2 protein chains.
Amino acid sequence: MNHKKLRIAVDMDEVLADPLSKFIALYNRDYNVPLDLQISPGNEIHHHVPEHAKDKWYEYINEPGFFRDLPVIDKSQEVMKALNNHYDIYIVSAALEFRNSLIDKYDWLAEHFPFIPWTNIVFCGDKIVDTDILIDDRIKNFSNFKGRKLLFTSPHNLLITHYERVNNWTEVADKLL
Amino acid sequence: MNHKKLRIAVDMDEVLADPLSKFIALYNRDYNVPLDLQISPGNEIHHHVPEHAKDKWYEYINEPGFFRDLPVIDKSQEVMKALNNHYDIYIVSAALEFRNSLIDKYDWLAEHFPFIPWTNIVFCGDKIVDTDILIDDRIKNFSNFKGRKLLFTSPHNLLITHYERVNNWTEVADKLL
């Protein structure tokens with residue numbers, strides 16, 4: 001019998017890695033944005049920084065090293081490890097948008113998700129992956145995706161109601177394990 | 001009317017870029033392998049180098065810069081440009097196998113295929129792409145692919161008979177334009 005495992009694609013930023021706290025730390029350093037900044041539902045971080053600093057995120061994110069030391073999202077490692085026993089897990093990140101993110105993301109994954117082999121990492125633009133499930137915080141990545149879509153909660157998507165939602169990795173485990 | 005374009009995934013190495021001539025140049029420099037080396041049908045380059053140099057390819061390919069100055073495969077640019085008017089073209093390379101290839105491949109594509117935007121580049125391991133056509137020289141990439149498979153001729157695959165074959169980019173144009 002050939003029990004083929006289901007494939008899950010898992011986004012990186014705001015799902016496995018936390019760029020928001022890094023942005024806030026950098027805006028704090030340069031513009032006194034408070035370190036405990038709460039991003040209002042539906043907003044992006046640039047809605048909460050001084051007008052003249054709005055475009056700064058693009059400079060920050062293109063800096064070599066930006067993605068190398070991002071915090072790991074709570075419980076993502078243990079749940080990913082458990083999922084990895086039951087599914088074919090692919091990490092799928094739109095890394096091609098930022099040239100300098102490629103090596104940082106590669107090294108970050110090697111450090112924090114060493115149980116995911118290189119064969120199961122996808123750095124792309126459009127997420128044209130053939131998987132059964134996609135866990136992502138950006139609904140634009142769902143538009144051409146045919147499988148089950150799990151919207152991973154992030155401030156910017158809190159007002160969106162028409163997708164199956166997971167608020168954290170414990171809820172991912174509850175749904176998929 | 002919604003005329004959705006067909007999607008074509010196009011491999012890089014030995015399809016758009018030529019690592020073989022670079023390997024031969026390096027083996028020539030270090031082991032006097034002739035620059036006009038012909039690789040016999042079904043063979044890989046390591047079948048044609050001195051026994052004690054067989055594993056050297058791994059050292060060469062991991063060197064930063066290896067993929068940056070590869071020659072462009074004949075007529076690939078003009079045919080890709082023409083295809084790009086009729087299809088959604090994605091470049092899909094198993095770049096995750098070699099950490100140091102990522103930036104080199106990114107820069108190489110920006111130089112030689114500037115008309116392919118970052119959204120249409122996929123660096124991966126397994127080629128789990130959801131496209132209609134895949135042009136590739138390695139049949140292992142066809143095993144889980146559901147669409148039309150075009151085997152792009154390279155010495156190592158010359159003995160394979162059970163796939164639709166394209167010997168060069170002129171033949172790709174004949175079939176797809």
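None of the figures in this text is laboratory data; all of them are computed from the coordinates on show. Everything quoted here is computed from the prediction, not taken from an experiment. Cβ atoms come from the backbone with ideal geometry, glycine included; neighbour counts cover every protein chain shown.
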Practice task
May I ask you to say which residue of B:Leu37, B:Leu26 is assigned to a loop (DSSP other than H, G, I, E, B) and either more than 19 Å from the chain's Cα centre (by Cα) or not acidic (Asp, Glu) (or both)?
Solution key: B:Leu37
Practice task
Tell me which residues, restricted to the stretch A:110-125, are of a type outside the set (S, T, N, Q), touching a residue at least 24 places away in the same chain (Cβ under 8 Å) and within 7 Å of chain B (Cβ to nearest Cβ).
Solution key: A:Ile121, A:Val122, A:Phe123, A:Cys124, A:Gly125
Fill in the blank from the handout: For the stretch B:44-77, the count of residues that are in contact with a helix residue (DSSP H, G or I) (Cβ under 7 Å, 6 or more places away or on another chain) and either at positive phi or of a type in the set (Phe, Trp, Tyr) (or both) equals 6
Practice task
Assess whether A:Ile73 counts as being farther than 21 Å from B:Asp107 by Cα, hydrophobic (A, V, I, L, M, F, W, C) and within 14 Å of another protein chain (Cβ to nearest Cβ).
Solution key: no
Handout entry: Restricting the stretch A:96-109 to residues that are among the hydrophobic types (A, V, I, L, M, F, W, C) and within 7 Å of chain B (Cβ to nearest Cβ), the residue that is surrounded by the fewest Cβ atoms within 10 Å (Cβ to Cβ)
Key = A:Ile103
Exercise for the section: Considering only residues that are polar (S, T, N, Q) and more than 8 Å from every other protein chain (Cβ to nearest Cβ), look in the stretch A:126-143 and name the one that is nearest to A:Ala110 (Cα to Cα). Expected result: A:Asn141
Handout entry: Search result, residues across the stretch A:150-166 that are crowded, with 18+ Cβ neighbours inside 10 Å and either within 13 Å of chain B (Cβ to nearest Cβ) or in contact with a strand residue (DSSP E or B) (Cβ under 7 Å, 6 or more places away or on another chain) (or both)
Key = A:Leu150, A:Leu151, A:Phe152, A:Asn157, A:Val166
Fill in the blank from the handout: By residue number, the members of the stretch A:83-95 that are surrounded by 15 or more Cβ atoms within 10 Å (Cβ to Cβ) and not hydroxyl-bearing (Ser, Thr, Tyr) are A:Leu83, A:Asn84, A:Asp88, A:Ile89, A:Ile91, A:Val92, A:Ala94, A:Ala95
Practice task
Taking A:Glu171 as meeting all but one of (1) touching a residue at least 40 places away in the same chain (Cβ under 8 Å); (2) in contact with a Ser or Thr (Cβ under 9 Å, 6 or more places away or on another chain), write down the number of the exception.
Solution key: (1)
